[in-house]
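Peer 1: Pasting a structure below so you can have a look.
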Amino acid sequence: MRAKLLFISLFLIILLVGFHAISTFFYLYWTDSGSDHVTHIVGAMAISILGLWLCFASGLFPKRIPSVKEVFLLCLLSALSVGIVWEAFEYGFKIVLWSSKYPMDTLGDLISDIVGGICAGLVGKNKALYE
């Protein structure tokens, strides 16, 4: 069943939406910096695993089992690409206000995206997900 990656990604997206709702309702983003990192890690994992499904299991491209190097490269590129676009979106639409802490917050968010990409790579290197 080649939809395993898609189901994992959808599960992570549901988890992300739930965690985001809880973090917003209880003001965790403003009182606890760790919740922002959890959101970035789970979001990066969801996007990276969705990228693996699109490239190797969806049928959009020829189906094949990727090498471990391809898995990690795609996961890191997916996570960082979406993370950078998200940070530009936040800044461009004034979702966050500029402060002296903003560059460090952005760096922390991008590091969390990398961690999420690596975690997704650890999941995605399992060849049984592509059969």
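Computed from the coordinates by the stated procedures, all read-outs in this text should not be read as laboratory data. Note that the coordinates shown come from a computational prediction; the quantities given were computed from them, not determined experimentally. Here Cβ is always computed from backbone atoms with ideal geometry, including for glycine, and neighbour counts include all displayed protein chains.
Peer 1: Which chymotrypsin sites (Phe, Trp or Tyr not before Pro) does the stretch 23-131 hold that lie in a coil by DSSP with at most 11 other beta carbons within 10 Å?
Peer 2: Y27, F93, W98
Peer 1: Something else now. Could you give the angle, 0 to 90 degrees to the nearest 10, between helix 68-92's Cα long axis and the longest principal axis of the Cα atoms of the chain?
Peer 2: Orientation of helix 68-92: about 30 degrees from the principal axis.
Peer 1: To continue, here is another question. Among all the lysines, which ones have a C-alpha under 22 Å from K125's C-alpha, if same-chain residues fewer than 8 places away are not counted?
Peer 2: Here the lysines satisfying the reach criterion relative to K125 are K4, K63, K69.
Peer 1: How many angstrom lie between the C-alpha centres of the stretch 10-45 and the stretch 73-102?
Peer 2: 15 Å
Peer 1: Trypsin sites (Lys or Arg not before Pro), restricted to the stretch 38-101: which are DSSP loop and have at most 11 other Cβ atoms within 10 Å?
Peer 2: For trypsin sites (Lys or Arg not before Pro) across the stretch 38-101 that sit outside H, G, I, E and B with at most 11 neighbouring Cβ atoms in 10 Å, the list reads R64, K94, K101.
Peer 1: Give me the percent relative contact order of the chain, please, defined on Cα pairs under 8 angstrom at least 6 residues apart.
Peer 2: 37 percent
Peer 1: May I pose another question? Using the Karplus equation 6.51 cos²θ - 1.76 cosθ + 1.60 (θ = phi - 60°), what ³J(HN,Hα) coupling, rounded to whole Hz, does each residue of the stretch 116-123 give in order, writing x for Gly and Pro?
Peer 2: Values per residue, Gly and Pro as x: x, x, 5, 4, 5, x, 5, 6 Hz.
Peer 1: Same structure again: How big, in percent, is the set of alpha carbon pairs in the chain lying more than 26 Å apart?
Peer 2: Details: 2151 of 8515 pairs.
Considering the chain, 25 percent of its Cα-Cα pairs are separated by more than 26 Å.
Peer 1: Okay, moving on. What net charge is computed for the residues neighbouring L107, neighbours being all others with C-beta under 12 Å from the C-beta of L107, Lys and Arg scored +1, Asp and Glu -1?
Peer 2: Charge balance in the 12 Å sphere: -3.
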